[in-house]
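Accompanying notes for the structure given below.
The values are calculated or read from the model by the stated rules, or taken from the named source; none is laboratory data. In this text, all values refer to a predicted model and were calculated from it rather than measured experimentally. Please note: Cβ atoms are built from the backbone with ideal geometry, for glycine as well, and neighbour counts cover all protein chains shown. Note: areas computed on protein heavy atoms with side chains; ligands, DNA, RNA excluded. Shrake-Rupley method; radii C 1.70, N 1.55, O 1.52, S 1.80 Å.
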Amino acid sequence: MKSAILKFGAVGATALLATSPALAAAPAAEVALDSVGGGTAYIFNTLLFLIGGFLVMWMAAGFAMLEAGLVRAKNTSTQCLKNIGLYSIAGLMFWVIGYNIAYPGFGEDSLGLIGMAGTSYGMQGVGEADLDTGYSVASDWFFQMVFCATTASIVSGTLAERIKIVPFFIFVTILTGLIYPVVVSWEWGGGYLDSAWGFSDFAGSTLVHSTGGWAALVGALILGARLGRYTDGKVNVFPGTNIPLATLGTFILWLGWFGFNGASQLAMGTVGDVSDVSKIFVNTNMAACGGVVTAIILTQLRYKKADVTMAMNGALAGLVSITAEPLAPTVGQSILIGAIGGVIVVFTVPLLDKFKIDDVVGAIPVHLFAGIWGTLIVAWTGDATFVGQLVGVLLTAVWVSLASAAVWFILKATMGLRPSAEIEIAGLDVHETGVEAYPDLAHQT
């Protein structure tokens, strides 16, 4: 991901210079202070991938708890099933085909518009280690896979409470096996956006979050709103069942984001790399803080009361906003970027309601709109042009929207997306999973 092989190659070369007896001059001695040997660098780099990977995997729990807290009691078990199912499907599909599409090894003359599967992916043997890579191949695959699963989680929250399990899982299969990997191939796989436009997306504001956001938006338009959500020109509020659980989910996501952004540095074998990871942690955290405080202030001013759900989404919007470039900005810039993410959430959540687009957890404002903002602002804080960033946003929008629409329409025409009105009113838990999360609250409307 993000030209990892070139980066690790540079680290390895530095380590060799630093440890070679024939080059034990003063400059080499200085380099030795900043680098570790090839084997040790391999260990540190692999640990960064593994620790970052399990933190991002923990975000799956965050999404599950956030959604379980914000849906009505009668649909809670269904949301939990969707989240554990989508994570597992993403893992299988990224192993079968997604990884090779995302990282195809484009030739210099390749246009790189559509990723093509490269060589078959295989684990290193027991006790084996290829030091030339700079990291364990298995750790790299695991780190990339959990990013893929995050994309699918975004869709789950938006379409909650009115989609059947089977068509949802089929969509996730195609999203994680094909739609998302193609987008990744354009940038992190060295494809068209990277080579032709210099597009920059450090950890995935567009490649992960906007991809999930576009898929969710198209799904919401095709699926329609929940029954009773918009009646007689009014927006009817369906309160979530468990705000403490949703708050816990937010904090889990916040914690996982340190792996999401921090491990995207991709190397921990030099003093500089470790220092950069530390800076990424600080910028990531402060962007989220800026998003929360801004959302609280704006809801207090606008509605005369602070909205806890807006505060949660303000944190997530701040995190999404800084994800495209969490290293280059100053702390002050990071706070500002995250704060504007909070502004985006407060004003776009009601905007969706005006267009009768039903987004149960606010995933479209958080992941799509804040993702676009975070990607474009890289032209200010990072090494990118506004035009290049805009092309990346637009190309992602076109591909994901068209591909998602095709899949959603086919599923709607063949097996249907929604349960019957009677089932939706009664709740999906009994009919889709057979398990009620809160039996005493089963008849909550």
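Could you list, in sequence order, all residues of region 277-303 that are open to solvent by 20 Å² or more (accessible area, probe 1.4 Å) and aliphatic (A, V, I, L, M)?
Those that are open to solvent by 20 Å² or more (accessible area, probe 1.4 Å) and aliphatic (A, V, I, L, M): VAL282, MET286, VAL292, VAL293, ILE296, ILE297, LEU298, LEU301.
Restricting to region 368-381, count the residues that are part of a helix (DSSP H, G or I) and open to solvent by 10 Å² or more (accessible area, probe 1.4 Å).
Final tally of qualifying residues: 7.
Is it true that MET286 is under 23 Å from PHE202 (Cβ atoms) and in a loop (DSSP other than H, G, I, E, B)?
No: the conditions fail for MET286.
May I ask you to say which residue of GLY224, GLY219, GLY189, GLY212 is modelled with pLDDT under 95 and either under 20 Å from PRO365 (Cβ atoms) or surrounded by 24 or more Cβ atoms within 10 Å (Cβ to Cβ) (or both)?
GLY189
Look through LEU92, LEU86 and report the one residue that is hydrophobic (A, V, I, L, M, F, W, C), open to solvent by less than 60 Å² (accessible area, probe 1.4 Å) and at pLDDT 90 or above.
So the residue among LEU92, LEU86 that is hydrophobic (A, V, I, L, M, F, W, C), open to solvent by less than 60 Å² (accessible area, probe 1.4 Å) and at pLDDT 90 or above is LEU86.
Going through region 400-419 one residue at a time, which ones are part of a loop (DSSP other than H, G, I, E, B) and open to solvent by 50 Å² or more (accessible area, probe 1.4 Å)?
If the condition is that a residue be part of a loop (DSSP other than H, G, I, E, B) and open to solvent by 50 Å² or more (accessible area, probe 1.4 Å), then MET415, ARG418 are the ones that fit.
Is there any pair linking a residue in region 334-357 that is touching a residue at least 60 places away in the same chain (Cβ under 8 Å) to one that is small (Gly, Ala, Ser), with Cβ under 9 Å and at least six apart or on different chains, and which?
Pairs found: LYS356/GLY224; LYS356/ALA225; ILE357/ALA220; ILE357/ALA225.
Is it the case, given these coordinates, that ALA397 is modelled with pLDDT of 95 or more and either within 25 Å of MET310 (Cα to Cα) or assigned to a loop (DSSP other than H, G, I, E, B) (or both)?
no
Determine if region 319-333 includes at least one residue that is part of a helix (DSSP H, G or I) and within 28 Å of ASN75 (Cα to Cα).
Scanning region 319-333, I find at least one residue that is part of a helix (DSSP H, G or I) and within 28 Å of ASN75 (Cα to Cα), so the answer is yes.
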